[in-house]
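Below is one structure, written out as structure tokens; the observations come after it.
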Amino acid sequence: MRIVMIGAGYVGLVSGACFADFGHNVICVDKDAQRLDALRNGRMPIFEPGLDVLVEENSEQGRLGFTDNLIEAVSQADIVFIAVGTPSRRGDGYADLSYVYGAAREIAAAMSGFTVIVTKSTVPVGTGDEVERIVAETNPKAEFAVVSNPEFLREGSAIEDFKRPDRIVIGTDNEKARKLMEEVYRPLYLNASPILHMNRRTAELTKYAANAFLAMKITFINEMADLCEQVGADIQDVSRGMGMDQRIGAKFLHAGPGYGGSCFPKDTLALVKTAQDADSPTRLIEATVSVNEQRKRAMARKVIRAVGGKVRGKTIGILGLTFKPNTDDMRESPAISIIQTLVDKGAEIKAYDPEGMDQAKPLLPPNVKYCKTPYEVAEEASALVIVTEWNVFRSLDLDRLKTVMASPVLVDLRNIYRPEQVRQAGFTYACIGRGD
Ligand code: NAD
Ligand code: UGA
């Protein structure tokens, strides 16, 4: 099976490397020369656990290659996956489909023989129809089918998620394309990952529905956490008590500073737009978007309260910048709004993140001071704020922190410490939904 992956970002690179690991021949095409240069020289353009080894092994075996020559790659392909970005369009929240449609045009001009074109990018309902129209218009003689195969992996556990998915969704009515897709995924469903066949529009919507539901679940528990703070309840126990009900499930019930990342924020917005245009507004998702947006700034106010109501002239130490641990991805990270709000109120910011500092610099105010360890962040700080739950922040030496800080205040936006432990160590401790 000759597979071409257009886009070697988080999804394209992980999917390409995993497909190669299943024994397929995979070429990843990208326009970004720096990215290709890094990959050809064995350097990963993104931080994703295990990806370096997977790419190296499969490149050495000759099953995985990288190129900017889309025409040559596509002309020899049986299946071409589109895994380019679909960010929010500036100003209106619709998904920006220009990269997808651009890729479709280039594929159409390059393909030869029957080719299956698969949208792996997250795309609004009807995008497959438009890709089909573009390909037919660009290359009227083309023999092809357009399939929707949304991806459900998470950053930070992307390889595990890709290789052991809860399900694989394939949206097509074309029998030949369906057989080829089953061939591509055969190693997975032999491992008991079910394949769900459906029509293309349904597959496209399934992806948005899944992401929006998860975003809503997180937002629900975040609102419960706020209520816990007002009424003297404990959100950790509420989550456990709810999550053990198998109809609810324990996952994605961890209260925090609001969801971020490259997908939940943009996908919830895009779904809201699709639904409004279809005269079927999704009011729960509209509320989710707005509650989550306000939450990030509310987290900055929590920090300000913890240091006595004013941050002007005080140093605030930030631990964790990425939107979640085990990634270097800063897209829509809550840390961005929290830090900007604190800077607006006159705080000096020191920060440390194990992997995300290079990505963070262009997105954060220029006077943020980046440190090499959590202990360097703590020096002279009036508060330490845990924004991302990296494992290295889970067992900090509290006595050591206390000796270097201006005042011992810990704001734990991920609830990774036990309140009594931190308070016994002499800290003022603020957290989420556990009555501070
Ligand atoms: P990304 O921005 O990391 O990567 C996209 C890549 O595509 C870039 O390297 C870019 O240079 C390249 N590209 C754009 N147009 C191109 C073209 N015409 N030819 C060749 N290369 C081109 O994006 P991502 O995070 O991998 O997301 C891709 C899609 O997958 C999005 O629709 C996203 O919603 C979806 N998705 C992402 C995740 C995730 O965890 N990041 C998970 C599931 C689904
Ligand atoms: C998410 C989905 O989980 C994937 O299934 C999907 O494929 C992907 O989006 C996508 O479409 O791109 P990802 O954004 O990588 O994956 O990370 P998540 O683990 O879902 O976390 C997203 C955000 O929610 C993070 O900011 C995280 O801290 C937050 N979160 C998650 C919580 O605040 N509480 C939780 O209980 C879980």
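Worth a mention:
- Those residues of region 391-409 which are closer than 22 Å to residue 309 by Cβ and among the aliphatic types (A, V, I, L, M), in sequence order: 405, 406, 409
- Checking 55, 74, 80, 84 one by one, the residue that is out of contact with any Lys or Arg (no Cβ under 6 Å at 6 or more places or on another chain), part of a loop (DSSP other than H, G, I, E, B), in contact (Cβ under 8 Å) with a residue 24 or more places away in the chain and closer than 22 Å to residue 17 by Cα is 84 and no other.
- As for region 49-66, it holds no residue that is of a type in the set (Asp, Glu) and within 15 Å of ligand 1 (Cβ to nearest atom).
- Residues in region 367-408 that are more than 28 Å from residue 261 (Cβ to Cβ) and touching a helix residue (DSSP H, G or I) at 6+ places or on another chain (Cβ under 7 Å): 375, 379, 398, 400, 401, 404, 405, 408.
- Where residue 184 falls short, out of the listed (1) under 30 Å from residue 432 (Cβ atoms); (2) in a helix (DSSP H, G or I): (1)
- Any hit, region 359-382, residues being over 30 Å from residue 86 (Cβ atoms), buried (at least 19 other Cβ atoms within 10 Å of the Cβ) and within 21 Å of the chain's Cα centre (by Cα): no
- Residue in region 408-420 that is more than 25 Å from residue 234 (Cβ to Cβ), in a loop (DSSP other than H, G, I, E, B) and within 16 Å of ligand 2 (Cβ to nearest atom) present: no
- Any hit, region 157-164, residues being within 11 Å of ligand 2 (Cβ to nearest atom), small (Gly, Ala, Ser), over 22 Å from residue 105 (Cα atoms) and not in a loop (DSSP other than H, G, I, E, B): yes
- Cβ-Cβ distances below 6 Å connect the following pairs, each with a first residue in region 157-186 that is in contact (Cβ under 8 Å) with a residue 60 or more places away in the chain, a second residue that is in a helix (DSSP H, G or I) and among the aliphatic types (A, V, I, L, M), and a separation of six or more residues or different chains: 158/14; 162/14.
- Near pairs, Cβ below 7 angstrom, 6+ apart or cross-chain, from region 235-254 (part of a helix (DSSP H, G or I)) to any residue that is among the charged types (D, E, K, R): 235/434; 236/434
- Taken residue by residue, region 330-349 has at least one member that is in a loop (DSSP other than H, G, I, E, B), within 16 Å of ligand 1 (Cβ to nearest atom) and either modelled with pLDDT under 95 or surrounded by fewer than 21 Cβ atoms within 10 Å (Cβ to Cβ) (or both).
- Set 250, 270: member being closer than 27 Å to residue 418 by Cβ, within 13 Å of ligand 2 (Cβ to nearest atom), within 23 Å of the chain's Cα centre (by Cα) and assigned by TED's automatic domain parsing to the domain that holds residue 360: 250
- Any hit, region 35-43, residues being within 11 Å of ligand 1 (Cβ to nearest atom), free of Cβ contacts under 8 Å to residues at least 40 places away in the same chain and within 15 Å of residue 15 (Cβ to Cβ): yes
- Restricting 271, 321 to those that are buried (at least 19 other Cβ atoms within 10 Å of the Cβ), more than 16 Å from ligand 1 (Cβ to nearest atom) and in contact (Cβ under 8 Å) with a residue 40 or more places away in the chain reduces the list to 321.
- So residue 30, is it surrounded by fewer than 16 Cβ atoms within 10 Å (Cβ to Cβ) and either in the same structural domain as residue 181 (by TED's automatic domain parsing) or within 16 Å of ligand 2 (Cβ to nearest atom) (or both): no
- Count of residues meeting criterion [more than 16 Å from ligand 2 (Cβ to nearest atom) and either of a type in the set (Ser, Thr, Tyr) or closer than 23 Å to residue 337 by Cβ (or both)] in region 273-283: 3
The values are calculated or read from the model by the stated rules, or taken from the named source; none is laboratory data. All figures in this text were calculated on a predicted structure; none of them were measured in a lab. Here the Cβ is made from the backbone with ideal geometry for all residues, glycine too, and neighbour counts use every protein chain on show.
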